[in-house]
Amino acid sequence: MSGPQCCSNPPTLDSASGAGHVEKIAGFNTYVSGSIQSNLTILLVSDVYGYEAPNLRKLADKVAAAGFYVVAPDFFYGEPLVRDKPDRPLPAWIKDHGPDKGFEDATLIIDALKSKGVSSIGAAGFCWGAKVVVELAKVALILAAVMLHPSFVTVDDIKSVKVPIAILGAEIDNLSPPELVKQFDEILKVDSFVKIFPKCAHGWTVRYDVNDTTAVSCAHEAHQDMLEWFAKYVK
């Protein structure tokens, strides 16, 4: 289920990037943007490169500017994937950082947010993070979900989704090819929005080249779709 596309175009991580700040939530280092007073919270679950990816933080800031309180936790405990690391290839790394553990950790984040009085929570997941988000959607721990170029997500997962969900897929994606995304669309039993982005490849929403105007435009289109979904269902 994982492969070269999962690791393509790795970002240059930057712990100082973004307009927000890092704080501890449920014991996890978490990038936070926006005001908790909004009571409308979006949990962003990163891809394998983690919460220090500058494009992810830019997106968190964009979502916050739309009126949401945004949290992007470090579910990798300070060990995001390092591409081409001989002693820590993806199969070895994923054994310690599986989406099942990510789901358990995400429930801790949600519990901590609710203890602060937050009641309206949506979640978006990218690649690895989409599997975490679909698990949250299967037990209705969130009001709405968005999956962007998902990895590891199965037809059985989709059959069990209990909240409104948007799925944004890429035309060029070995992990969730268009045929699978279309299958997801056909079996969903909840309010849904499914879109396949032509000429885009897996990871395009957070691993785009900021100097490539076409790539930036495609990413921003997906971001806008995500924002509109949350504006509709997280309130």
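The lysine pair count for region 89-235, using Cα distances under 13 Å and pairs eight or more places apart or on different chains, is 7. For C200, the residues whose modelled amide H falls within less than 5 Å of its own, excluding neighbours fewer than 5 places apart on the same chain, are E171, I172. Each listed q (0.15 Å⁻¹) maps to a log10 I(q)/I(0) for region 56-105 from the Debye sum over equal C-alpha point scatterers, namely -0.56.
When restricted to Cα atoms, region 2-66 yields an Rg and a Dmax of 12.7, 41 Å, respectively.
Normalised by the number of residues in region 1-133, the average gap of Cα pairs under 8 Å and 6 or more apart makes the relative contact order 31 percent. Which of these values of Cα extents along the principal axes in Å was calculated from the structure shown: (1) 78, 40, 27; (2) 50, 46, 29; (3) 41, 40, 36? Calculated Cα extents along the principal axes in Å: the matching label is (3).
Note on K235 and D100: with the Förster distance fixed at 30 Å, the Cβ-Cβ geometry gives a FRET efficiency of about 0.50.
For L40, the residues 5 or more places off, or on other chains, whose built amide H falls under 5 Å of its own are Y69. The gain in end-to-end length when the A140 to R88 segment is fully stretched comes to 15.3 nm, 0.36 nm per residue minus the alpha carbon separation. The label-point distance for N9 and V194, in a model that sets each label 7 Å from Cα toward Cβ, rounds to 2.4 nm. Applying 0.36 nm per residue to the separation of E79 and N211 and subtracting their alpha-carbon distance, the gain on full extension is 44.8 nm.
Region 17-80 and region 132-154 have Cα centres lying 17 Å from one another. Heavy-atom accessible surface of region 84-235, averaged per residue, reaches 43 Å², computed with a 1.4 Å probe. How large is Rg over Rh for region 37-171, taking Rg from the Cα atoms and Rh as the Kirkwood inverse mean of 1/r across Cα pairs? Result for region 37-171 is an Rg/Rh of 0.96. One decimal place: the segment E228-I36 gains 67.1 nm when fully extended, by the rule 0.36 nm per residue minus the C-alpha distance.
Residues considered: P80, P164, P89. Largest GNM mean-square fluctuation over the chain, using C-alpha springs under 10 Å, is found at P89. Adding -39500 (n - 2.57) for every DSSP H run of four residues or longer, then dividing by how many residues the chain holds, sets the calculated 222 nm ellipticity at -11000 deg cm²/dmol.
The values are calculated or read from the model by the stated rules, or taken from the named source; none is laboratory data. Keep in mind that this is a model prediction, so the values were computed, not measured. Cβ sites come from the backbone with ideal geometry, for glycine too, and all protein chains shown count toward neighbours. Remember, those area values only see protein heavy atoms, side chains included, never the ligands or the DNA or RNA. Shrake-Rupley method; radii C 1.70, N 1.55, O 1.52, S 1.80 Å.
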